[in-house]
1. Starting from segment 791-815, keep only residues that are more than 24 Å from Leu727 (Cα to Cα), then list their pairs with residues that are in a strand (DSSP E or B) and of a type in the set (Ser, Thr, Tyr) whose Cβ atoms are within a distance under 7 Å, requiring at least 6 positions of separation or different chains.
2. Out of the strands (runs of 3 or more DSSP E) lying entirely within segment 524-584, which hold 2 or more residues that are touching a helix residue (DSSP H, G or I) at 6+ places or on another chain (Cβ under 7 Å) and farther than 22 Å from Leu199 by Cα?
3. Name the one entry in Tyr679, Tyr625, Tyr642 that is part of a strand (DSSP E or B) and open to solvent by less than 50 Å² (accessible area, probe 1.4 Å).
4. Quick check on Gly192: is it on the phi > 0 side of the Ramachandran plot and out of contact with any Cys (no Cβ under 8 Å at 6 or more places or on another chain)?
5. Condition test on Ser709, is it among the small types (Gly, Ala, Ser) and within 16 Å of the ligand (Cβ to nearest atom)?
6. Any chance segment 583-590 includes a residue that's open to solvent by less than 10 Å² (accessible area, probe 1.4 Å) and of a type in the set (A, V, I, L, M)?
7. Which condition does Glu158 not pass, out of (1) touching an Asp or Glu at 6+ places or on another chain (Cβ under 9 Å); (2) in contact (Cβ under 8 Å) with a residue 40 or more places away in the chain; (3) in a helix (DSSP H, G or I); (4) within 25 Å of His516 (Cβ to Cβ), if it passes all the others?
8. So, in segment 91-116, of the ones that are open to solvent by less than 40 Å² (accessible area, probe 1.4 Å) and among the hydroxyl-bearing types (Ser, Thr, Tyr), which residue ends up farthest from the ligand (Cβ to nearest atom)?
Amino acid sequence: MCAAEKGRLHGNGKLNPVISRRSFLKWSAIAGGSIALTGCNLTGGANSKTATNLARTSGEKELIVPTSCIHNCGGRCLLKAHVKDGVIVRLSTDDQGPDTFEVPQVRACQRGRSQLKRLYHPDRLKYPMKRVGERGEGKFVRISWDEALDTIAQKMKEIKARYGNEAFYYVYASGTIGATLYNCYAEFPTCGGPLQRLLNLFGGYLNYYGNYSAAQYYYVVPMMFGALGGNSPKDLRHARLIVLWGHNPVETKLAGAGGAWYLQQAKKAGAKIIVIDPRYSDTVGSLADEWIPIRPGTDMALVSAIAYVLIEEGLYDQEFLNRYTVGFDEEHMPPGYPPQECYKNYILGKQDGQPKTPEWAEPITRIPANRIRQLAREMARIKPMTILQGWGMQRRAYGEQIVRGIPVLAAMTGNGGKPGSGPGLDMISPPMPMGVYPTGNNPVKATISFFTFTDAIIRGTEMGPQDGVVGVERLSSNIKFIWNYAGNALINQHANTKRTHEILRDPNKVEFIVVHDLFMTPSARYADILLPDTHHFERNDIATSTWAHIAGIGYAIFMNKVIEPPYECRNMLDICTELARRLGLEKEFTEGKSEEDWLREMVNTARQKLPDFPDYEAFKKMGIYKLSPDKEGTGIGFIDFYRDPEHHPLDTPSGKIQIFDPRMYDKGNPKEIPAVPKYIEEWESPWSQEGQKYPLQAIGHHYKHRVHSTFDNISWLEEAAPQVAFLNPLDAGARGIKDGDMVRIFNDRGEIIMPCRVTPRIMPGVVDIPQGAWFMPDVRGTDRRGCINTLTSHRVNPLAFGNAQNTIQVQVEKA
Ligand code: SF4
């Protein structure tokens, strides 16, 4: 039993009766006997037969049913369910095809292969329930589906009448992101699911922009380049030098066709790989020729010092900068803006009197000046070079700066637009032209940053553009109704759990919360009505590489429904159809179409664009369709611009890469939003007041145990990658802490007690608490699981209004 499973017993065990795994499996086996499993038998099963019937008629042989893993990890991988007697007895993955560089297998990682532990987990929610205790207590009683749906529909009508549609919020979630029909993501109009469609028909809801993963990245890259972009993972094989800057694909992008695999191929092809990271990650251990540990939050000091060396030693590519960028030097500034504000002047210290030399950067970054010089020279001389930036360092105070800073180094070294020569961004997958589920338009134009939803609960009507609100001058209502579907950002993944708890627990603030999920997650404990979801093996859907943003190939996977949902679990399409009926919207909502009808439409759309795309029945059987390499494009980001910038300008004010950005200059806040990318000391740092009291920096890396908070309750993964805090022997020794000790990690916002792993794999001065563990407070409010958001701050970044959750100071002591 993992810690999370144990926690269930002293958390909400009373009202979530536990059944044994044995009886659950038995139940599932019985239930499976009456399930229609159509046309998905790779061994030749016919339509409209059940899995169990097929197994029985085939002499109890296993059926192999293609389906998928879909989580927000950057991959979407083929899984094959081996079904016997209506029970999935094991999972395998993509073992078909040639597995070549051009068309690799889309193999699942250890998390995907643990899906059976999620599917048959004894803690699955089984019935609709309503809250009977305080929000957050986790006290619920079972109710009927009719009561649950009637209550929700009634509350929707009441709250709409009292506050209007801006009072409805569909909180950020990513548990089913990447599915085409049951997608929980609500940011874009083209990628939502049934709930988004229902809310749009109901009059709309307060929308959000940005996300917990890459808020600063997604905000700033389109300002700098006019759009998101980058080179394909396949292009890495052409690079001679690859710099993984805060990037850890071996733990986070493990899918068979994903970034880690392509980096291995690039290494085999002779690329030198340097990793810059405060952690000796698995990426360092398995791929790096060199590891450069850096003090968290100081990456822009390193960027600036490298730029200084490139200028000082005449190693930068002036011609490239002139052709593709604006704002590098006084001669290439946008008209009407002071030339002295250019990037080169900042680096040379002409404005602030501080040249950004390696000696200046050394005490900030903890990287020796000589190593910085050497790195700058390598970057200038080894061509082509690709710098891939990870996202952890932009989830920090002033995280916008590093997103802008790394592409400047790429441009200074003449990189971008050629094979192996990246623009300094992340990788981009080839697009997969699948149809989408039509969610319609949201009549509500008001949109907030995803990271300000707790503010919009307590002071929404005071919020306007100064708080990142777009679409309106001021919100007309505070948030009064929340839907949380397949997500744990209601509290667990949001910053400062204590503050969030205080806000959510008060029913006078948010008046009604609906949660639809598989488990009693920390977020589910705040539901007024809690609905049991289906696992994605219990419904049909389609996954595509469009969401697998680190896939080297384009592909689509038919996610066959393998077994029937257990107990009273229901999927979102069913729930929304029932609610639509109660809201008088059924005809508009369903258009008379079933789950299968919508999926058939998506397949037909793909077939119109790709003549070799299989028909619906064939797609169900084959499971995965892989785009042929000749349809992938060049795999080089912004290639038209780099080939001919005059005729194919970027969609930016200058048509070029904006090193100097007039829109930022015009904001008149140069200390926090400088017009050129600068190093800015973080608001919480070793040198700040908090640093005196709480001397260690805490970071929360993405752990191979989980995809964000998904899989935290899976015992196999806990065994393989336990939730521990990583601490350097120097810091541990100074505190009398030994490997395996329980430690107390705390600051003004909260405290955690958890086991400690003492290891030189984390640099001194830093404690690493892998993010995504489920918040498990004891009676004193101390988290006992290791949820880093017990300690994080909800302060937003000044430009992107995104999260800076990796910027925190803490103290650690033996518990
Ligand atoms: S890489 Fe992601 S989608 Fe693929 S199996 Fe692992 S967790 Fe699932």
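The values are calculated or read from the model by the stated rules, or taken from the named source; none is laboratory data. Since we're looking at a predicted model, the values are computed, not measured. Quick reminder, even Gly has a Cβ in these numbers, built from the backbone with ideal geometry, and neighbours come from all protein chains shown. Calculation scope for accessible area: heavy atoms of the full protein, side chains included, ligands and nucleic acids excluded. Shrake-Rupley method; radii C 1.70, N 1.55, O 1.52, S 1.80 Å.
1. Once the first residue is more than 24 Å from Leu727 (Cα to Cα) and sits in segment 791-815, its partners that are in a strand (DSSP E or B) and of a type in the set (Ser, Thr, Tyr) give Val796/Ser449; Phe801/Ser449; Gly802/Ser449.
2. Details: elements: 529-532, 541-544, 555-559.
Answer list for segment 524-584: 555-559.
3. Details: Tyr679 fails: part of a strand (DSSP E or B); Tyr642 fails: part of a strand (DSSP E or B).
Criteria check complete, one pass: Tyr625.
4. The answer is no for Gly192.
5. When the stated conditions are applied, Ser709 passes them.
6. For segment 583-590, residues open to solvent by less than 10 Å² (accessible area, probe 1.4 Å) and of a type in the set (A, V, I, L, M): absent.
7. In the conditions (1) touching an Asp or Glu at 6+ places or on another chain (Cβ under 9 Å); (2) in contact (Cβ under 8 Å) with a residue 40 or more places away in the chain; (3) in a helix (DSSP H, G or I); (4) within 25 Å of His516 (Cβ to Cβ), Glu158 misses (2) alone.
8. Looking only at segment 91-116, we keep the residues that are open to solvent by less than 40 Å² (accessible area, probe 1.4 Å), and these are 91-94, 103-106, 108-109, 111-112, 114-116.
Applying the additional criterion that residues be among the hydroxyl-bearing types (Ser, Thr, Tyr) yields 92-93, 114.
Details: Ser92: 12, Thr93: 8, Ser114: 9 Å.
Out of the qualifying residues, it is Ser92.
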